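J.: Dumping the structure here so I can ask a few things about it.
What follows is calculated from the coordinates using simple rules that are stated; it is not laboratory data. From a predicted model like this one, the values you see are computed outputs, not experimental measurements. Reconstructed Cβ throughout: ideal geometry from the backbone, glycine too, with neighbour counts over all protein chains shown.
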Amino acid sequence: MKKYLIWVAALGVLQVQAQVQVQAQVQVQTQVSAQKKQPVAIILDTDIGPDYDDVGAVAVLHALADAGEARPLAIMASNKNELVAPTIDVLDMYFGRPTLPIGAPKSVSAPDRGAPQKWPEMLLKKYPHHIHATSEVPNAIELYRKILAAQPDKSVTIVTVGFLTNLAGLLETKGDAYSRLTGVELIRKKVKQLVSMAGAFPRGREFNVLVDSAASAKVFLHWPTPVIFSGFEIGRQIITGKQLTEDVGLQSPVKDVFALCMAFSDEDRNGRKSWDQTAVLAAVRGTSPYFGLVRGQIILAGGNNEWKDDPAGNQAYLTMKMSPEEVRGIIEGLMMHTSK
Ligand SMILES: [Ca+2]
C-alpha cells in the first residue's frame, strides 16, 4: 500500500513536471511569435491644421515606430494649406525621420484649411524644418502609387485622419510608370486595410466626411479592402493633453501645440478630444483590447452618414471596450514620447 502511494506520488510529480514543461514551451512560443511580429507598414493621411489632434496622431505614429511596432512609409496631407507640409516636416524632423516622404493634394478643389489658433505658425518659428510650403512637396496621389507599387502584397495599412481627397483621386488613377495596375487594382493588391477617423455611428454628421463629401462617398463605396471607422463618438470620450502639458520636464513640439491650443478654448481647458490618435492606435496595434467592432456598411448622403449592420460586412466601426480613461493613458503616454 505504501509502495503504491509512493508510486502515485511519483506519478503526480511527473505530471506536474510535464505541465511545467508544456507551460514553459508555450511561454517560449509566445515570446518567439511576439519577437517575430513585423512592424505594421503605415501611410498616414492627415489634414493637420483645422484641429490639433492630428499632432497627437503623428506623435503616436512616431512613438510606435520607435517601439518597433510601426514602419511609417509616408505622411500625406489631405489639406493643401501652405503650412501643412512644413508642419509635418517639423514633427518628422523632431522625431528623427527627416526623410519620411510627404505628399499633398494638387487639385484646385482640394481643401485649404488653416488653424484658428495659429499653432502651425508657432511651430514653424520655433522648430527646424526644410520644407517651407505645402506646394513644394510631390502630388500625394503619385506618391501613393510609387510607394504602394514597391511594397509587398496586402502589407500596407492606410490611416486617414482627415479628408478622403487623396484616396478618391488614387482610386481613379490609371496605370503609370510605377505600376500598370489601375488605382483600384493597386489598392486591392497592396493594401491590407484602411482605418479612417470618419463618420459618426450608427448615424451622424462628421467633419472629415463633410469637408470633401464627394471624395468620402467615392472612397467608402468603392474601396476594395476592409475598412475600419473610428467614429466621432470614440475620440470624443478620450481627452488627452493635461498630463502632457503638465509634465514640466518635457520639451516637445507636441506639448507646445497642446499648451497653446488648450489655453485658447474653454472647452479644451482639460485636454482635447483624441479622434485621430484612436485611428492610429487601432491601425498599428489592432482593435483589441481597446475597441470592439460592429460590422456592416457605411451609407453616405452628402456629409451625413448612416450604417447598415451586416455581420459579413467588409467594413466595421469601433465601439469602446476598454475604459476611455485607460485608453487615454495609453494614447497620452505615446504622445509624451520624445525624440531619440
Ligand atoms: Ca484630423
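J.: To make sure I understand the rule: partners must be lysines, Cα under 21 Å from the Cα of LYS80, and not fewer than 8 residues away in the same chain. Which ones qualify?
T.: LYS106, LYS118, LYS125, LYS146, LYS218
J.: Mind sorting SER288, SER339 by how few other Cβ atoms lie within 10 Å of their own Cβ, fewest first? Can you show the working numbers first?
T.: Values: SER288 11, SER339 14.
Going from sparsest to densest Cβ surroundings: SER288, SER339.
J.: Show me the ranking of peptides 124-130, 41-47 by mean Cβ neighbours inside 10 Å, starting with the highest. Mind showing how you got there, number by number?
T.: On the way: 124-130: 12.9, 41-47: 25.1.
Answer by packing, highest mean first, reads 41-47, 124-130.
J.: With equal scatterers on the alpha carbons only and no solvent term, can you work out the Debye log10 of I(q)/I(0) for the chain at 0.06, 0.08, 0.09, 0.11 1/Å?
T.: Debye intensities relative to I(0), on a log10 scale: -0.24, -0.40, -0.49, -0.69.
J.: All other residues with a Cβ under 11 Å from the Cβ of SER179 taken together, and with Lys, Arg as +1 and Asp, Glu as -1, what is their net charge?
T.: Details: positive: ARG145, LYS146, LYS174, ARG180, LYS189, LYS190; negative: ASP176, GLU185.
Overall, the nearby charge balance is +4.
J.: Specify the residue with the greatest mean-square fluctuation among GLY235, GLY183, GLY292, computed from a Gaussian network of the chain linking alpha-carbon atoms under 10 Å apart.
T.: Result: GLY292 has the largest fluctuation of those listed.
J.: Under the rule of -39500 (n - 2.57) per DSSP H run of 4 or more residues, summed and divided by the residues of the chain, what mean residue ellipticity at 222 nm is obtained, to the nearest 500 deg cm²/dmol?
T.: Numbers: 14 runs with 152 residues, N = 340.
Calculated from helices alone, the mean residue ellipticity at 222 nm is -13500 deg cm²/dmol.
J.: Compare THR319, THR87, THR240 in a GNM of the chain, Cα atoms joined below 10 Å, and give the one with the largest fluctuation.
T.: Among THR319, THR87, THR240, the largest mean-square fluctuation in the Gaussian network model of the chain belongs to THR319.
J.: Let me ask you something else. Using per-residue counts of other Cβ atoms within 10 Å, averaged over each peptide, order 193-199, 168-174 from highest down. Mind dumping the intermediate values first?
T.: Details: 193-199: 27.0, 168-174: 19.1.
Descending packing order for the listed peptides: 193-199, 168-174.
J.: Report the residues of the range 308-330 in range of a label on SER288: point 7 Å along Cα→C-beta, backbone N strictly under 14 Å from it.
T.: Hits in the range 308-330 for SER288 at 14 Å: 321-322.
J.: What distance in nm separates the two pseudo spin-label positions at LEU221 and ASP266, each 7 Å out from Cα along the beta-carbon direction?
T.: Here the answer is 4.3 nm between the modelled labels.
J.: Something else now. Mind ranking 109-117, 328-336, 159-167 by how tightly packed they are, going by the mean number of other C-beta atoms within 10 angstrom, highest first?
T.: In descending order of packing, they fall as 159-167, 328-336, 109-117.
J.: So, one more: Please give the length that would be gained between GLN151 and ALA312 if that part of the chain were fully extended, namely 0.36 nm times their separation in residues minus their C-alpha to C-alpha distance (nm, one decimal).
T.: Values: separation 161, 0.36 × 161 = 57.96 nm, distance 2.82 nm.
Gain in length upon complete extension: 55.1 nm.
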